[in-house]
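Worksheet for the structure shown next.
The values are calculated or read from the model by the stated rules, or taken from the named source; none is laboratory data. What you are looking at is a predicted structure, and each value in this text was computed from that prediction instead of being measured. Every residue, glycine as well, gets a Cβ built from its backbone with ideal geometry; the counts of neighbours run over all protein chains shown. Quick note on the areas: whole protein, heavy atoms, side chains included, nothing else; ligands and nucleic acids left out. Shrake-Rupley method; radii C 1.70, N 1.55, O 1.52, S 1.80 Å.
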Amino acid sequence: MITSISPTSTPAGGPAFTLTVNGSGFAAGAAVQWNGSALVTNIVSANQVTATVPANLLVFAGIAQIAVASGGVTSNIVNFPVTPQIASLNPSSATAGGSAFTLTVNGGGFAPGSVVQWNGTALATSVISPTQVQAPVLANLIANPGTVQVTVLSNTLTSNIVTFSVVTGPNITSIAPSTATAGGPAFTLTVNGSGFQSGATVQWNAIQLTTSFVSGTRLTASVPANLIASSGTAQITARSGGVTSNAVTFTVAAAPVISAIAPNTATAGGPAFTLTVNGSALTSDSVVDWNGAALSTRFISATQLTASVPARLIAAAGTVQVTVVSGG
């Protein structure tokens, strides 16, 4: 008669182990049976036997029937569960609002007919091998952020629970810089927000930019000069996990234009003076250049700047090229 066994269960796909059977009436020659087949058995005493359970009996999940045959008599039966086991999920997360995908479940004990369960709901499952199953996850199952309990049902036994995360989609809160001047050089755009995963990309009017993942709250992207060749606006978005974020407007301002300067002449050897520059698309970072050299500049408005011209710059007669640099 069997009174207890140890262990009382084991995960499928594991290594060989020793099963200890306690009870009474175990005579010389007694043999532990696994689903009716004798195992290699060691008689410890009339009250205990041990048996080696080989790994090949643990390939599939199921309930094995343990008995002891002794002196031509078979004992009572004790059920021994070999439970399916999940080792990992691929992917292990998805972005809320993303598209359907195939979930791969790795582990052990997956018998033909095994079913992946998503919060207890069966998914259409393909058994690839005893160590792998796959199931399609429809988009409606990841519509909202949260966590999901994934299990596998195999031969009436349910595996351990592994958590699948449905994370919040990408959201942009700010970009830096948020403006550039038409005709300016290439630059690096920093995108701040949340919900950015590794592999996320920044988009410029739906054009994917070369993007670096900094963290879940920051991305950087290279903006080539050709994208800011003309004035206008661009819609900046981030795409992560198959989901596109909100759009933030980037302004490409018109390049600065000089319409007039005052005065437009000076006498060689004269004193320092203030030059007034009138035009358009002038900004707070605009600088008046004198033959390419920056002057101390004051921003008056989008149509006017003033700059200090020291006496040394008009010491000799000649002509000077006056320009404004703004946003590169």
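Between A302 and V287, what length in nm is gained on full extension when 0.36 nm per residue of separation is reduced by their alpha carbon distance?
Working: separation 15, 0.36 × 15 = 5.40 nm, distance 1.25 nm.
Going from the current span to full extension adds 4.1 nm.
Shown in residue order for the stretch 273-284 are the 3J(HN,Hα) couplings computed by the Karplus curve 6.51 cos²θ - 1.76 cosθ + 1.60 at θ = phi - 60°: 8, 9, 9, 9, 10, 9, x, 8, 6, 8, 10, 5 Hz (x for Gly and Pro). Pull out a ≥ b ≥ c, the square roots of the eigenvalues of the alpha-carbon gyration tensor of the stretch 158-215, then state rounded if a/c is under 1.5, prolate if not and a/b is larger than b/c, and oblate in the remaining case. Verdict is prolate for the stretch 158-215. Label separation (A262 vs A143): 6.6 nm, computed from points 7 Å beyond Cα along the C-beta direction. Simple spin-label estimate for S92 and A124 gives 2.8 nm between the two label positions (7 Å along the Cα-to-Cβ direction from each Cα).
Give me the percent of the accessible area of the chain that comes from carbon and sulfur atoms, probe 1.4 Å, all protein chains in place. That share works out to 53 percent. Determine the shape class of the chain: with a ≥ b ≥ c the square roots of the Cα gyration tensor eigenvalues, call it rounded for a/c under 1.5, and otherwise prolate if a/b is greater than b/c, oblate otherwise. Judged from the Cα gyration tensor, the chain comes out prolate (a/c at least 1.5, a/b above b/c). At a probe radius of 1.4 angstrom, the accessible area of the chain per residue rounds to 48 square angstrom. Placing a pseudo-label 7 Å from each Cα along the Cα-to-Cβ vector at I63 and N76 gives an inter-label distance of 1.6 nm. In the context of the full protein assembly, T265 retains an accessible surface of approximately 100 Å², using a probe radius of 1.4 Å and ignoring ligands and nucleic acids.
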